[in-house]
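Taking it in order: structure first as structure tokens, then the write-up.
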Amino acid sequence: METSMYPQSTVDLARKRRELAPEPLKAFKAFSAAVFADGALPNVTKQLIAVAVAHTTQCPYCIKGHTAEALKQGATEQQIMEAIWVAAEMRAGGAYAHSTLALDVMQHSCEGG
């Protein structure tokens, strides 16, 4: 039998989370509903953003949930994959941009030596 690092989300686990902290869960659900409501951005666009962010945060539950919701809202498979590529570029770009920190240390260590 294959085991996973991430447990399957179940009714029992959802119930346990609700029982342990009902008020924060209620507030989170209200916040989520407000965030994903149609506004200046339509829900489908927000779901594509969520798919991209879920890939950068590497949350498997978010990836699955927001991908399914993006499809439900009318996103195409191509749009979802492009959103994932945007996330990949941004993550790689962040590593490249932060190289200035290492370059700064290297520059200063050469000056002091």
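Evaluation of residue 7 against the conditions (1) surrounded by 10 or more Cβ atoms within 10 Å (Cβ to Cβ); (2) touching a helix residue (DSSP H, G or I) at 6+ places or on another chain (Cβ under 9 Å) shows that the sole unmet condition is (1). Within the range 90-99, not a single residue is assigned to a helix (DSSP H, G or I), under 10 Å from residue 51 (Cα atoms), out of contact with any His (no Cβ under 6 Å at 6 or more places or on another chain) and small (Gly, Ala, Ser). Pairing each residue of the range 63-78 that is modelled with pLDDT of 95 or more with any residue that is surrounded by fewer than 13 Cβ atoms within 10 Å (Cβ to Cβ) and of a type in the set (Val, Ile, Thr), provided the two are 6+ apart or on different chains, yields no C-beta distance under 7 Å. Sub-8 Å Cβ pairs linking a first residue in the range 6-22 that is in contact (Cβ under 8 Å) with a residue 40 or more places away in the chain to a second residue that is surrounded by 10 or more Cβ atoms within 10 Å (Cβ to Cβ), at least 6 apart or interchain, are 6/60; 6/61; 9/61, ordered by first then second residue. For the range 55-67, check the following and say yes or no: at least one residue is surrounded by 11 or more Cβ atoms within 10 Å (Cβ to Cβ) and part of a loop (DSSP other than H, G, I, E, B). Scanning the range 55-67, I find at least one residue that is surrounded by 11 or more Cβ atoms within 10 Å (Cβ to Cβ) and part of a loop (DSSP other than H, G, I, E, B), so the answer is yes.
Considering only residues in the range 68-102 that are of a type in the set (S, T, N, Q) and under 19 Å from residue 45 (Cβ atoms), the one that is surrounded by the fewest Cβ atoms within 10 Å (Cβ to Cβ) turns out to be 78.
Within the range 23-40, the set of residues being farther than 19 Å from residue 60 by Cβ and either in a helix (DSSP H, G or I) or touching a residue at least 40 places away in the same chain (Cβ under 8 Å) (or both) comprises 23, 24, 25, 26, 27, 29, 30, 31, 33, 34, 35, 36. Every residue in the range 68-87 that is of a type in the set (Ser, Thr, Tyr) and assigned to a helix (DSSP H, G or I), please. Those that are of a type in the set (Ser, Thr, Tyr) and assigned to a helix (DSSP H, G or I): none in the range 68-87.
The values are calculated or read from the model by the stated rules, or taken from the named source; none is laboratory data. Just so it is clear, the model here is predicted, and its values are computed rather than measured. Quick reminder, even Gly has a Cβ in these numbers, built from the backbone with ideal geometry, and neighbours come from all protein chains shown.
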